[in-house]
1. If I filter the stretch 70-93 for residues that are within 16 Å of the chain's Cα centre (by Cα), without any contact (Cβ under 8 Å) to a residue 40 or more places away in the chain, farther than 22 Å from residue 25 by Cβ and surrounded by fewer than 16 Cβ atoms within 10 Å (Cβ to Cβ), do I get at least one hit?
2. Considering only residues that are among the small types (Gly, Ala, Ser) and in a strand (DSSP E or B), which ones fall in the stretch 38-70?
3. Condition check: assigned to a helix (DSSP H, G or I), farther than 19 Å from residue 158 by Cα, at pLDDT below 90 and of a type in the set (A, V, I, L, M, F, W, C). Does residue 73 satisfy that?
4. Would you confirm whether any residue within the stretch 21-37 is touching a residue at least 60 places away in the same chain (Cβ under 8 Å), assigned to a loop (DSSP other than H, G, I, E, B) and closer than 28 Å to residue 140 by Cβ?
5. Inside the stretch 76-113, can you point out the residues that are hydrophobic (A, V, I, L, M, F, W, C) and not in a loop (DSSP other than H, G, I, E, B)?
Amino acid sequence: MALVAFYDDKTIGSRQVLAGWRLLYGENLSVVLPDTYTTDLFLSKILTPDEARMWAAIRQDSGDPKAFVDKVLVYYHKHRIDPMSKTIIFSDGLDTRSAIDLARYCQGKIKCLFGIGTSFTNNVGLKPLKIVIKIVQLMGSDGAWIPAVKESDDPAKSTGLASLKAAARA
């Protein structure tokens with residue numbers, strides 16, 4: 001989000017983030033998170049087929065997980081990428097039952113993994129807190145504040161000024 005705000009261009013900023021991530025972590029953490037500006041925008045305007053071939057996994061962190069699987073499969077098939085050579089990592093509000101359901105949905109289509117943090121660590125019957133820290137602005141090199149935006153697959157997880165969120169969707 002910060003690089004996109006800095007470059008004032010979601011495509012350039014997003015690609016800079018992807019390149020920086022791969023440079024820093026290499027193949028070991030080759031997992032892309034597509035929903036900074038929605039999965040639809042990411043798959044249609046940001047992720048190139050060559051980049052998709054390089055990334056080992058794609059992470060689903062908001063929205064309908066089965067719809068996400070379907071979108072990713074369409075993208076991979078369209079670009080002749082074998083989905084069984086890739087992995088989807090689910091990490092949005094999972095519990096054991098939803099993970100089993102998603103594993104069955106993915107079976108034979110694409111590999112899948114699960115990040116089940118809240119439900120495993122908060123197992124005392126209390127309602128879990130949903131706390132996520134997201135950047136809302138950053139200071140540019142000239143000292144001026146630059147607003148940031150996140151337009152998620154789940155509208156409740158979107159942040160930023162309404163005008164910027166509308167521009168991010170465009």
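The values are calculated or read from the model by the stated rules, or taken from the named source; none is laboratory data. Given the structure is predicted, the values throughout are model-derived calculations rather than measurements. Cβ atoms come from the backbone with ideal geometry, glycine included; neighbour counts cover every protein chain shown.
1. Within the stretch 70-93, one or more residues are within 16 Å of the chain's Cα centre (by Cα), without any contact (Cβ under 8 Å) to a residue 40 or more places away in the chain, farther than 22 Å from residue 25 by Cβ and surrounded by fewer than 16 Cβ atoms within 10 Å (Cβ to Cβ).
2. 57
3. No; evaluated as a whole, the condition is false for this residue.
4. Checked against the condition, which is being touching a residue at least 60 places away in the same chain (Cβ under 8 Å), assigned to a loop (DSSP other than H, G, I, E, B) and closer than 28 Å to residue 140 by Cβ, the stretch 21-37 yields at least one hit.
5. Within the stretch 76-113, 84, 88, 89, 90, 99, 100, 102, 103, 106, 112, 113 meet the criteria.
Residue-wise test of (1) in contact with a strand residue (DSSP E or B) (Cβ under 9 Å, 6 or more places away or on another chain); (2) hydroxyl-bearing (Ser, Thr, Tyr).
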{"residue": "48", "(1), (2)": "no, yes"}
{"residue": "54", "(1), (2)": "no, no"}
{"residue": "59", "(1), (2)": "yes, no"}
{"residue": "73", "(1), (2)": "no, no"}
{"residue": "84", "(1), (2)": "yes, no"}
{"residue": "102", "(1), (2)": "yes, no"}
{"residue": "109", "(1), (2)": "no, no"}
{"residue": "124", "(1), (2)": "no, no"}
